[in-house]
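Okay, so here's the structure we're looking at.
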Amino acid sequence: MKTLKITLLFALSLILVNCGDDKKKEEKETVKIGSNSSSTSKKSDENVTEVVLLATDMMQFDKNEIRVPAGKKVKLTLRHTGKQAVEVMGHNFVLLTQGTEIPAFGAKASAARDNAYIPQDTDAVIVHTKMLGGGQSDTIEFDPPAPGTYDFICSFPGHYSVMKGKFIVE
């Protein structure tokens, strides 16, 4: 008789524990469904071109060409996907005017440490993000320049030679 009571008590405990797990699973599914619907309800502005550019600890952008339509505002987000600190492996996005000599600009930028490696006495910069460390991001919005091809770089010392690409306004 004692064994039967223990067995029934154990079986009842298992049933109660399993019922609790189903409830937790339902709650998780409800939260998941709710979070998905909120992300799909985001409206994007059709007058804005959104660009996401990733930068790594391996001194690379994930894109070497960005194409945007003329006359449509650009919302560019730079994400540093690495882990290193800004002082060691900082990255930014710098859009340069046409005809800018990248090595000469890079040398001036390297000397502009106190201004996040953006020279103050230059008209070569159209727009730029903040200097970012690993895990950080920055978003800028701007009107694109006139149709044509422009260079973009990271102005952290020495990075401009490999972290560069073409920004094409069509």
### Query
Only one of (1) free of Cβ contacts under 8 Å to residues at least 60 places away in the same chain; (2) over 20 Å from the mean Cα position of the chain (by Cα); (3) farther than 25 Å from T49 by Cα fails for G82. Which number is that?
(2)
### Message
Kindly evaluate G106 against the criterion of being in the same structural domain as T149 (by TED's automatic domain parsing) and farther than 17 Å from V169 by Cα.
### Response
yes
### Query
Among the residues of the stretch 102-142, which ones are among the polar types (S, T, N, Q) and outside any helix (DSSP H, G or I)?
Q120, T122, T129, Q136, S137, T139
#### Entry: In the stretch 143-164, the residues that are outside any loop (DSSP other than H, G, I, E, B) and over 21 Å from V86 (Cα atoms)
G148, T149, Y150, D151
#### Entry: Search result, residues across the stretch 49-72 that are loosely packed, with under 12 Cβ neighbours inside 10 Å and either among the aliphatic types (A, V, I, L, M) or in a strand (DSSP E or B) (or both)
M58, E65
### Query
Among A124, A146, which is the only one that is surrounded by fewer than 18 Cβ atoms within 10 Å (Cβ to Cβ) and not hydroxyl-bearing (S, T, Y)?
A146
#### Entry: A109 surrounded by fewer than 17 Cβ atoms within 10 Å (Cβ to Cβ) and either of a type outside the set (A, V, I, L, M, F, W, C) or farther than 20 Å from D143 by Cα (or both)
no
### Task
Would you check if there is a residue in the stretch 86-101 being assigned to a loop (DSSP other than H, G, I, E, B), in contact (Cβ under 8 Å) with a residue 24 or more places away in the chain, under 11 Å from G133 (Cβ atoms) and among the small types (G, A, S)?
yes
### Query
Using beta carbons and a limit of 8 Å, which pairs, at least six apart or on different chains, have the first residue in the stretch 111-137 and over 26 Å from M58 (Cβ atoms) and in the same structural domain as F61 (by TED's automatic domain parsing) and the second one in a loop (DSSP other than H, G, I, E, B) and of a type in the set (V, I, T)?
D123/T97; A124/T97; A124/T100; I126/T97
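The values are calculated or read from the model by the stated rules, or taken from the named source; none is laboratory data. Remember, predicted model here, so these are calculated numbers, not experimental data. Backbone-built Cβ (ideal geometry, glycine too); neighbour counts: all protein chains shown.
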